[in-house]
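Heads up: the structure comes next, in structure tokens.
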Amino acid sequence: MKKAVVPNSRGTLPSGHARLPEWLRVNLPAGRSQATFNGTLQVVQGNELHTVCEEAGCPNVHDCWARGTATFMVAGKQCTRGCRFCSVETLKQPDPLDTNEPERLADAVERMGLAHVVITVVNRDDLSDGGADHYKRCVAAIHRRLPETTIELLCSDLEGNGQALTHLLDEIPLRVFAHNVECVPRLDSAVRDPKASFAQSLEVLRRAKQLRDDLWTKSSLMVGLGETDAEITDALLQLRDVGVELVTLGQYLAPGRSTARFIPVERYVTPGQFEKWADEARAMGFRGVASGPLVRSSYRAGTLLEEAETGQRLVQLAPAENSSKAV
Ligand code: SF4
């Protein structure tokens with residue numbers, strides 16, 4: 001079985017590792033794109049914020065930050081769950097919530113001039129509401145300052161706490177409520193923390209749509225974890241069944257060299273197969289679909305939303321301009 005590795009900060013593979021398939025190689029920013037990348041970094045660091053781009057070692061960090069976007073991760077940088085695909089640090093008792101975080105976040109979004117922003121969260125099973133009230137404050141702070149900016153919340157499952165979800169979604173100024181099922185149900189126990197499951201995630205998405213029919217609901221699946229193509233089709237159908245309208249599919253890449261902590265890559269799916277799933281998903285009625293090897297839940301999220309709202313297929317997965325091939 002091949003070992004997967006994500007490119008390091010220079011976009012290249014650590015020495016000693018097999019080369020990734022051509023379609024998984026990333027581009028480095030150059031020229032104007034490099035300046036934008038640096039600007040994004042300064043805003044993130046200057047506002048003492050965390051991003052999932054960095055914490056999860058996302059392979060698109062060069063591309064997204066060079067476009068001036070990032071996905072902020074709120075409620076700390078330690079997660080109470082220990083999923084086997086994710087490199088975010090796990091702690092049973094993370095640091096207390098930072099009550100100044102919502103305003104610093106709003107300031108960063110304003111400085112970056114974002115028309116659409118994705119906020120993601122760590123699981124906070126240590127809090128009675130799973131962090132719902134804090135997530136809501138973060139969204140509200142952005143909206144107060146930037147009422148025209150559309151906001152997408154990539155939320156935890158709140159441990160299936162219906163009361164917390166109701167509080168979170170009540171009058172929250174969101175455009176997209178996202179929650180990831182991550183993998184097909186058969187692989188839950190191998191991939192996700194024991195507290196998470198496909199069924200619970202599906203229920204969160206179903207309830208969210210019931211509570212706020214005016215919001216787009218979105219989810220994401222990783223492939224390359226041991227699922228079959230037919231199981232992906234079935235998972236997509238189950239998502240449609242609970243009203244999910246936006247979906248992303250991407251190749252799983254183990255975040256580190258320790259296979260004891262991270263589940264190994266079982267297969268590299270070709271771009272052609274991702275295209276087939278995109279066609280299938282559109283035929284099922286999904287309004288926005290991004291499916292490709294390097295697609296992640298928040299990748300080109302604003303464009304995906306636009307696709308859903310205009311009914312026009314807009315998602316281009318090409319790298320940013322002025323970039324140079326890294327490997
Ligand atoms: S795909 Fe999402 S997590 Fe990855 S770099 Fe882009 S914005 Fe960040």
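Values for this structure:
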{"quantity": "Members of the stretch 54-106 that are among the acidic types (Asp, Glu) and within 12 Å of the ligand (Cβ to nearest atom)", "calculated": "Glu54, Glu55, Asp63"}
{"quantity": "Criterion violated by Cys53 - all others in (1) more than 25 Å from Leu97 (Cβ to Cβ); (2) buried (at least 22 other Cβ atoms within 10 Å of the Cβ) satisfied", "calculated": "(1)"}
{"quantity": "In the stretch 257-314, the residues that are within 20 Å of Arg84 (Cβ to Cβ) and within 15 Å of the ligand (Cβ to nearest atom)", "calculated": "Arg296, Ser297"}
{"quantity": "Residue in the stretch 11-55 that is farthest from Arg104 (Cα to Cα), counting only those that are touching a Pro at 6+ places or on another chain (Cβ under 7 Å) and at pLDDT below 90", "calculated": "Leu13"}
{"quantity": "Candidates Cys86, Cys79, filtered to the one that is surrounded by 19 or more Cβ atoms within 10 Å (Cβ to Cβ), under 27 Å from Glu266 (Cβ atoms) and at pLDDT 95 or above", "calculated": "Cys79"}
{"quantity": "Residue in the stretch 148-163 that is more than 17 Å from the chain's Cα centre (by Cα), β-branched (Val, Ile, Thr) and surrounded by fewer than 22 Cβ atoms within 10 Å (Cβ to Cβ) present", "calculated": "yes"}
{"quantity": "Unmet requirement for Val43, which otherwise passes all of (1) assigned to a helix (DSSP H, G or I); (2) under 21 Å from Tyr135 (Cβ atoms); (3) near the ligand (Cβ under 9 Å from one of its atoms)", "calculated": "(3)"}
{"quantity": "Elements of type helices (runs of 4 or more DSSP H) in the stretch 95-204, at least 3 residues being over 22 Å from Ile263 (Cβ atoms)", "calculated": "101-112, 132-145, 162-169"}
{"quantity": "Within the stretch 248-262, considering residues that are buried (at least 19 other Cβ atoms within 10 Å of the Cβ) and modelled with pLDDT under 95, the one nearest to Gly292 (Cα to Cα)", "calculated": "Leu253"}
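The values are calculated or read from the model by the stated rules, or taken from the named source; none is laboratory data. In this text, all values refer to a predicted model and were calculated from it rather than measured experimentally. Note that each Cβ is placed from the backbone with ideal geometry, even for glycine, and that neighbours are counted across all protein chains shown.
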